[in-house]
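*Asks:* Please see the structure below; I have some questions.
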Amino acid sequence: MDIKCTERELFILKKIAHAAEELGVETYLIGGFVRDKIIGRNTKDADIVCVGDGIELAKRVAKRFKPEPKFSYFKNFGTAHLRIDSSKHKESSKVLPPIDEEDLTGAAFDLEFVGARKESYRYHSRKPEVIAGTLKDDQERRDFTINALAISLNENDYGKLIDPFDGVNDIKRKIIRTPLDPLQTFSDDPLRMIRAIRFASQLGFTIEEKTFQAIKDEANRITIVSQERITDELIKIIDSAKPSIGFDLLYQSGLLHIIFPQMVDLAGAEYKDGIGHKDNFYHTLKVLDNLSEKTGDTWLRWAAVLHDIAKPVTKKFEEGHGWTFHGHEVVGGRMVPKIFTKLKLPLNEKMKFVRKLVELHLRPISLTKENITDSAIRRLLFDAGEDFDALMMLCEADITSKNRWKVKKYMENFQLVRKRCQEVEEKDRIRGWQPPINGEMIMEIFGLQPSKPVGIIKDAIKDAILDGVIPNSFEDAYQLMLKKANELNLKPVKSELRSR
Ligand code: ATP
Ligand code: MG
């Protein structure tokens with residue numbers, strides 16, 4: 001087996017081997033690092049298993065770097081973590097040859113240490129009991145054959161591959177399969193079902209039939225797994241090169257129905273009077289794949305997942321029109337915080353970005369019609385702001401017609417929108433622009449708490465400037481504010497407020 005490690009990796013592995021020898025414990029590289037080396041993927045971390053105390057081994061390894069790397073451990077699980085940050089660990093050990101400069105420029109490299117253990121989950125619990133075991137025991141408790149490969153770091157057989165479940169062949173055949181009975185493996189830790197699908201999506205592998213059948217049979221047990229662990233895997237599916245593989249498998253297995261039912265609601269095409277609508281689940285997956293060819297941005301990809309999420313709840317059949325989904329972008333926008341909360345995704349700027357894109361995803365299309373005014377263009381530039389390019393990327397990915405001629409025409413239309421937007425932006429500098437009077441000023445002048453009138457006045461100023469009704473100046477905005485406030489029977493409590 002030909003495995004290529006970088007000089008830097010070899011340098012780190014040697015240190016581990018020396019520390020293990022000093023401690024007198026059998027030690028192996030295991031899991032993702034070995035798998036990815038055989039496949040030829042990049043590696044940025046490695047899992048180390050020793051037949052003994054993993055935390056003690058990690059401590060000894062840490063001592064071999066100067067300055068000592070950050071060390072953390074979980075006593076209950078018997079695991080420890082070290083981060084080798086090359087910018088900090090420039091001193092090489094005296095016993096080993098010095099490493100060349102190039103190796104010092106790499107990103108941080110993470111090491112996870114664990115003592116070999118036997119599987120011992122209890123049925124209703126996801127918390128394993130830790131019982132020490134042999135390397136073989138430890139390989140058996142691993143989720144998939146491709147993740148159970150080990151490489152010896154011991155002096156007598158340094159570099160030897162230990163592959164009790166034919167994992168190398170499974171890598172060659174691109175197959176995901178559990179080392180033991182899949183029903184047992186999934187029952188012990190149901191997260192492994194989503195992990196199987198995640199690896200299929202990341203690696204473009206196929207899940208072996210018996211293993212996939214067991215996922216279908218055990219899907220309901222996913223409910224005992226914490227949302228955080230599920231969402232970590234879901235994000236990895238979204239981040240994979242072709243995320244539709246993962247989502248389709250989640251759907252086919254029945255897991256999606258439990259972990260993300262709103263997406264399942266998108267599936268299927270209803271017919272009435274011989275008129276059908278497209279299957280919005282597969283449309284969404286196509287949009288997601290299209291976008292993923294252009295960007296690795298996780299949150300932009302989430303916007304693709306959620307852009308049509310409200311189509312099922314807004315769907316209507318209108319005589320003479322066929323199927324409509326009026327307002328699905330607004331209702332969808334409102335669903336974003338709810339879905340983020342349920343999935344325990346961060347409720348921060350990222351969530352706001354996704355919501356904004358869902359809400360705006362039809363706007364550029366509306367600008368592909370003829371006779372679009374500058375003010376309509378300015379409005380889009382203002383509303384999209386710094387996320388304008390992301391929005392255009394989403395809209396272009398949203399073209400999923402199989403008709404090549406139509407695709408070409410739609411893309412050309414979007415090119416025109418981009419061009420118009422560029423021209424208007426150059427002229428008026430709308431992106432990142434803020435109206436000269438904001439809500440806080442309005443509250444101060446009229447002695448108001450945050451309330452509806454503040455929004456009405458603020459929007460009136462913004463709209464008047466974007467529509468070119470008043471110039472973009474503090475004075476003009478101030479006069480309009482007074483006029484609007486008067487209409488709302490509001491009197492200023494402060495007369496002096498200068499431009500800031
Ligand atoms: P990556 O880090 O690229 O996501 P990985 O294979 O390293 O992939 P990790 O989650 O880091 O995945 O886990 C490291 C190793 O630990 C796996 O390769 C596998 O052997 C084992 N492992 C992780 N999670 C489980 C689990 N839930 N059940 C059984 N074994 C697991
Ligand atoms: Mg890993």
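*Asks:* Going toward the positive end of the dipole of the chain, with +1 on Lys and Arg Cβ and -1 on Asp and Glu Cβ, which of F11, L347, H328 do you reach last?
*Replies:* Value: H328.
*Asks:* Which percent of the accessible area of the chain is formed by carbon and sulfur heavy atoms (probe 1.4 angstrom)?
*Replies:* The C+S portion of the solvent-accessible surface of the chain is 50 percent.
*Asks:* Determine the calculated [θ] at 222 nm for the chain from helices alone, applying -39500 (n - 2.57) to every DSSP H run no shorter than 4 residues and normalising by the residue count; nearest 500 deg cm²/dmol.
*Replies:* -15000 deg cm²/dmol
*Asks:* Additional query: Rounding to the nearest 10 and keeping the result within 0 to 90°, find how far the Cα-based axis of helix 243-253 lies from the longest principal axis of the chain.
*Replies:* Its long axis makes an angle of about 80 degrees.
*Asks:* Treating only the Cβ atoms of Lys and Arg (+1) and Asp and Glu (-1) as charged, compute the dipole magnitude of the range 439-487 about its Cα centre; round to the nearest 20 debye.
*Replies:* 140 debye
*Asks:* In percent, how large is the relative contact order of the chain, given Cα pairs closer than 8 Å and 6 or more residues apart?
*Replies:* 8 percent
*Asks:* When a/c reaches 1.5 or more, the comparison of a/b and b/c decides; with that in mind, is the range 168-208 rounded, prolate or oblate per its Cα gyration tensor?
*Replies:* oblate
*Asks:* If you scale each eigenvalue of the Cα gyration tensor by 5 and take the root, what three semi-axes come out for the chain, rounded to whole angstrom and sorted largest first?
*Replies:* Those come to 53, 30, 22 Å.
*Asks:* Now a separate question. Quick one: if the Förster radius is 22 Å, what FRET efficiency do K369 and S401 give, using the C-beta to C-beta distance and rounding to 0.05?
*Replies:* My answer for the efficiency is 0.75.
*Asks:* Checking the cross-link filter: which lysines have an alpha carbon closer than 18 Å to that of K311, excluding same-chain neighbours under 8 positions apart?
*Replies:* Output for K311: K272, K278, K286, K338, K356.
*Asks:* Further question on the same structure: Could you give the dipole magnitude of the chain about its Cα centre, charging the beta-carbon of Lys and Arg +1 and that of Asp and Glu -1, in debye to the nearest 20?
*Replies:* 820 debye
*Asks:* Can you list residues whose amide H is under 5 Å from G322's amide H, if they're 5+ apart or on another chain and H is modeled 1.01 Å from N?
*Replies:* Result for G322 returns nothing.
*Asks:* How many Å² of accessible area per residue for the range 378-459, probe 1.4 Å?
*Replies:* For the range 378-459, the per-residue accessible area is 58 Å².
*Asks:* Would you mind checking the tilt of helix 349-360 against the longest principal axis of the Cα atoms of the chain, expressed as 0 to 90 degrees and rounded to 10?
*Replies:* Relative to the chain, helix 349-360 is tipped by roughly 50 degrees.
*Asks:* On to the next question. How large is the dipole of the range 310-422 about the Cα centre if only Lys and Arg carry +1 and Asp and Glu carry -1, each at its Cβ, rounded to the nearest 20 debye?
*Replies:* 340 debye
*Asks:* In the chain, if the dipole is taken from +1 on Lys/Arg beta carbons and -1 on Asp/Glu beta carbons about the Cα centre, which of L490, A219, F199 is farthest to the positive end?
*Replies:* Value computed over the given set: L490.
*Asks:* If R0 is 60 Å, what FRET efficiency do you get for N169 and R429 from their C-beta distance, rounded to 0.05?
*Replies:* 0.50
*Asks:* Still on this structure: Any chance you could give the angle, 0 to 90 degrees and rounded to 10, that helix 388-397 forms with the longest Cα principal axis of the chain?
*Replies:* 70 degrees
The values are calculated or read from the model by the stated rules, or taken from the named source; none is laboratory data. Quick caveat, the model's predicted, so the values are computed rather than measured. For neighbour counting, all protein chains shown are included, and Cβ atoms are generated from backbone atoms with ideal geometry for every residue, glycine included. Side chains are part of the model used for accessible areas, which takes the heavy atoms of the whole protein and leaves out ligands, DNA and RNA. Shrake-Rupley method; radii C 1.70, N 1.55, O 1.52, S 1.80 Å.
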